[in-house]
Amino acid sequence: MQAHVDGLAWQQPRWRLLVQFLGSMRLAVSLLVLLAIASVIGTILSQQQPYQNYAMQFGPFWFSVYRELGLYNVYRSLWYTAIVAFLVLSTATCVTRNSPRMLREMREFPIRQRDTVILGQDHWVRMATTLPMAQAQERILQVLRAAGYKPRVEQKDGDMAIAARKGRYHRLGYFLTHIAIVVICAAALYNADVPVKWAEWQGTLKPEQNFDLPLSKIPRTAWISQNNPAYRGIITLPEGQTANAVFELAGNGYLVQPLPFRIHLQSFHISYYSTGMPKDFTSRVVLYSPQGKVLKTGDVRVNHPMSYDGVYIYQSSFSDGGSLLHMKTYLLGASGAAPGELSGRVGQTLHAGNSGYAVDLKNFNLYNIVPKAAVGEKATPDHPTLNLGPSFTYIIHNPNGQAAEFKTYMTPMRRGGQGFFVQGYREALGDAYRYIYIPTGPNGSIGLFMDYLAALQSAARTGANASQAIFTETFQQVVARHAPGMSTTEQSHFLQASMQTLVQLHDYPMPFILSLSSFDHRWAAGLQVTKWPGTIVIYWGCVALVLGIFILFYIPQKRIWLRLRPRGQESGEVELLLGASADRNRLDFTKEFKRWTGTLEQALGVDHAEYKEQKDGQHTP
Amino acid sequence: MANTRLESWTESSPEPSWWAQWKLRDWAWFAGLSIAAGIILGLYGSSFGYWQFVVLAAWYAALLVAGLAWRPVQLATLGIVLPALFAVWLYSIGQTATNNILLRDVLQGYAAVMWMSALLLAATACYLFYLFSGRERVGQWATALTWAGVIMGFIGLGVRWRETYLGHPDWGHIPVSNLWEVLVLFCASTPLFYLYYEKRNEARALGAFVMPLVAAGVGFLLWLTFAQHMDRIEPLIPALQSFWMKLHVPMMFVGYANFTIASLIGLGYLLTERSRRRGSGMLLRVMPSSEVMDDVMYKAIALGFLFFTVATILGAVWAAKAWGGFWSWDPKETWALIVWLNYAGYLHARVVKGWRGTAMAWWSFMSLWVVSFCFLGVNMFLSGLHSYGKL
Ligand code: HEM
């Protein structure tokens, strides 16, 4: 098997040695294993994160070491690409070097073979028969045919050669697999926008680092040519807006790829299962020509992309597209004051009057069907989730520069007959949310509790001691003033709940609470746009790969050479030498060989046959 | 004496063409499959997209070939399909697991899987006992129990497929969509392939190495069931609503099953060789010869590699069709590539360099960790980066 690898002479020109090295099996196996090991890195270290995250994780020294090693985008790093390139080169060399020999072998099959070659096969047997040559030949052919071979005969100088083989096209498997690997890798390289990498490397393209620039302000050096043959970019498009370019992440920044059309997002829609899990995401999209003509209208759904002129548009993510939120602000402890009003769009920063407090509206979620455990509730197997309605997330900065993040749910949660307004907060981004639960009054708002809180604080200011009596008494006064309709059970539920809330409020970081009163929702769809002309080549490469593997595994080549010659003039005996090999599934072939050589012995009336000694002595019959 | 033998030798006729070797039951198998395919086409053909035809044809061809190559598949298919259809019929006439005792205790997807678990655990115990005692009868029991477990497992999956539609027609999906379901598939298909190698090589002692891992899989499955309640039927996230899943996942598991079998035979090989070096041990008494183990290892890896290649390609094509890129280096994809490269290395070392014996057994055995990490580890330790996890 190894002859083709080792068979070349030593004194070769340098390049022959290089070719020999590239096509060697040792290199191939090493590269396969090396590539497997190298691939692990990118799965341990999460890839293509913002550089700040890595800097925070590793500290400045290791951060820069890892950056130099390309570990933040391993699979596009120079050294990883080099290993792949080496493997491809090695495979290509291997195919080129082996082709002539294998093609010849496939085409030609010598019937006559020297004795040394026959004795060099995996199996051989020598025997002598008293049958006349012609009859012996007839029976041998019969036995071989019965075993499924199509033997051929050649007669010369009184001796006779018979040969047969199966699996002639076995070698085709080798070509198909290995050429497929080369083709697939080449096509993948083509699709991995080599021209862009080249321009980047040349310096004519420079990734832009500022992610907040509007499209019109992005410098021209970050724009890829419209004629780029292959690309894959993303765009986040709010409902009602139009774009004519997509973004490709590149290192720590991005590049802009102009599109041959404009994409307009008419609407974005999520449908839900009864459990509250999303069932489908659909973007209704219109494509316009640069001149404004409608080219195509349709839906882009997950698993159902839209195509136009070789460009594909995929539904890839979604986010808030700047929903308009109307909020109420409750100052903690401000007695009897009507709540303030605040309005703004997600993404904006609002200033609460001239108090010095600023509110960053981060996000809005239309539905929150959350696991009960997520808000500190006990889950039961039948009702593991809770519907908390819309929510919004925001960061409040106080005048001293401290900040905390909040997540407020619109729909109160019910627990034991009492409604609760759920509010999460955390003072550092990595922390888990802590929750406070504020009891809601008969009208479903937290106004009653705020009034109660204010009344308690003013009582404390007038010198009352924090006794059970004071709590109850103050509560009674507040109820009489603001919610006279409350039943006594409702009152006791509310009072009990309030006691816990008062404790929770001790750690609450800001002096006011925002609640959501109404909203005008607007989605943004994350669309991916790709153009990949090399795809069809990859498909055919894959077909060839699978077909080739199948042939290699399941159509082994089996070859038989047989020689019949009279043994001396007088004896009248005919001597037979038969050699056979299979290049896969040798164990099966050993059994097969044993089976039909046994039949052969019978057919030729042989008493004694000499078989090749097997090294382990196992297979000699 | 030679002459008497000569006279007695009658001409053997040339090997008959392959279908002439079919027995009656093979013809019945062929006819039955064809009729079943015809019925499916008649009932649903009008609503088929062209891919459904491909899927149907693939199943038809695969079952036909498997049934001819290994006849027990014929009976086993009947043993799976008939009870499963019966359960589906019971559901269709309004019976449920609460008012029908047969559904509740046997045929319901969940119940069948519990039966599978119990049977496979019992089979494992028998195989181990067989290894220690060498008693033939115990070995026969082990094989029979394994068959029963496999059949119950596939009944469970089949009935569960129907159950995903019950009550929520829009939830319906092939039951290979979460960890619990694929673990059932793993626990049912690994012993199935193992049984093939056992029968073909008359090598029952191998079960004592393969089945304990299956038993571990069953243990994990039971833990997921009782501690995590993962057996609940849930709807599919949008990214998984694609017929590609029907092809991609089951093929992946043909790969996993065969790789797993190969690694455990590798372990058996290593331990047997150790006994041989020491010149004693019960392993020498019951284990098949080293050549046979080496051969089964190679064959299992070859079959696994073929299916794993197809499955990975299908996954890439799915990704290209559905999300716009063949390959996004997500951890699962990357680990599939690692598994693939690892076995490509193994095959070259064995086939081209001609390595055999202990070194290859170690390679095969150590690959178990690579394969398990790809199957389970990625989901458990490296979550969060799946590009399709977002939707
Ligand atoms: C990504 C790279 C490669 C892959 C996936 C690959 C795949 C395969 C597969 C699946 C087989 C069949 C093994 C079997 O029959 O059991 C094979 C055989 C073979 N490979 Fe590769 N191979 C690769 C690279 C190479 C390289 C670089 C060489 C050159 C040194 C090479 C030389 C061979 C040879 C000589 C055979 C045996 C063919 C025969 O006996 O007919 N392969 N390869």
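The values are calculated or read from the model by the stated rules, or taken from the named source; none is laboratory data. Treat the numbers as computed from the prediction; the structure is a model and nothing was measured. Glycine gets a Cβ as well: all are built from the backbone with ideal geometry, and neighbour counts include every protein chain shown. All accessible areas refer to the heavy atoms of the entire protein, side chains included, with ligands and DNA or RNA removed. Shrake-Rupley method; radii C 1.70, N 1.55, O 1.52, S 1.80 Å.
Structure data summary
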item	result
Extreme residue, farthest from the ligand (Cβ to nearest atom), among residues of segment A:547-568 that are surrounded by fewer than 16 Cβ atoms within 10 Å (Cβ to Cβ) and in a helix (DSSP H, G or I)	A:LEU547
Given (1) open to solvent by less than 20 Å² (accessible area, probe 1.4 Å); (2) away from chain A (no Cβ under 14 Å), index of the condition B:ALA203 fails	(2)
Residue list for segment A:25-47, restricted to those being open to solvent by less than 20 Å² (accessible area, probe 1.4 Å) and away from the ligand (no atom under 16 Å from the Cβ)	A:GLY42, A:THR43
Segment A:1-24: number of residues that are more than 19 Å from B:ALA344 (Cα to Cα), within 15 Å of the ligand (Cβ to nearest atom), modelled with pLDDT under 80 and loosely packed, with under 15 Cβ neighbours inside 10 Å	4
Selection from segment A:262-289 of residues that are in a loop (DSSP other than H, G, I, E, B), within 26 Å of the chain's Cα centre (by Cα) and more than 9 Å from chain B (Cβ to nearest Cβ)	A:GLY276
Candidate set: segment B:321-340, residues that are within 15 Å of A:ILE184 (Cα to Cα) and at the interface with chain A (Cβ under 7 Å from one of its Cβ atoms); chosen: the one least open to solvent (accessible area, probe 1.4 Å)	B:GLY325
Restricting segment A:530-546 to residues that are more than 16 Å from the ligand (Cβ to nearest atom) and open to solvent by less than 20 Å² (accessible area, probe 1.4 Å), the residue that is modelled with the lowest pLDDT	A:GLY534
Residues of segment A:19-45 that turn out to be touching a helix residue (DSSP H, G or I) at 6+ places or on another chain (Cβ under 7 Å), farther than 12 Å from A:ASN73 by Cα, more than 8 Å from chain B (Cβ to nearest Cβ) and of a type outside the set (Ser, Thr, Tyr), as a count	8
Checklist (1) over 30 Å from A:LEU265 (Cβ atoms); (2) more than 16 Å from the ligand (Cβ to nearest atom); (3) open to solvent by less than 30 Å² (accessible area, probe 1.4 Å); (4) modelled with pLDDT under 85 applied to A:GLY203, failing item	(3)
All positions within segment A:534-562 that are within 16 Å of A:ASP588 (Cα to Cα) and more than 10 Å from chain B (Cβ to nearest Cβ)	A:ILE555, A:PRO556, A:GLN557, A:LYS558, A:ARG559, A:ILE560
Neighbours by Cβ (under 6 Å, 6+ apart or cross-chain): first from segment B:117-138, within 26 Å of B:LEU185 (Cα to Cα); second small (Gly, Ala, Ser) and open to solvent by 30 Å² or more (accessible area, probe 1.4 Å)	B:LEU119/B:ALA148
Single unsatisfied condition, A:GLY148 versus (1) part of a helix (DSSP H, G or I); (2) under 52 Å from the mean Cα position of the chain (by Cα); (3) more than 15 Å from the ligand (Cβ to nearest atom)	(1)
Hits in segment A:78-96 (condition: more than 8 Å from the ligand (Cβ to nearest atom) and either under 23 Å from A:GLN557 (Cβ atoms) or in contact with an Asp or Glu (Cβ under 7 Å, 6 or more places away or on another chain) (or both))	A:THR96
Filter result for A:ARG139 (surrounded by 16 or more Cβ atoms within 10 Å (Cβ to Cβ) and either away from chain B (no Cβ under 11 Å) or assigned to a loop (DSSP other than H, G, I, E, B) (or both))	no
Test: A:LEU176 is open to solvent by 30 Å² or more (accessible area, probe 1.4 Å) and within 12 Å of the ligand (Cβ to nearest atom)	yes
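Conditions (1) closer than 24 Å to B:ALA316 by Cα; (2) buried (at least 22 other Cβ atoms within 10 Å of the Cβ), marked per residue:
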residue	(1), (2)
B:ASP170	no, no
B:GLU181	yes, yes
B:ALA188	no, yes
B:TYR194	no, yes
B:VAL210	no, yes
B:ALA215	no, no
B:GLY219	no, no
B:GLN241	yes, no
B:GLY266	no, yes
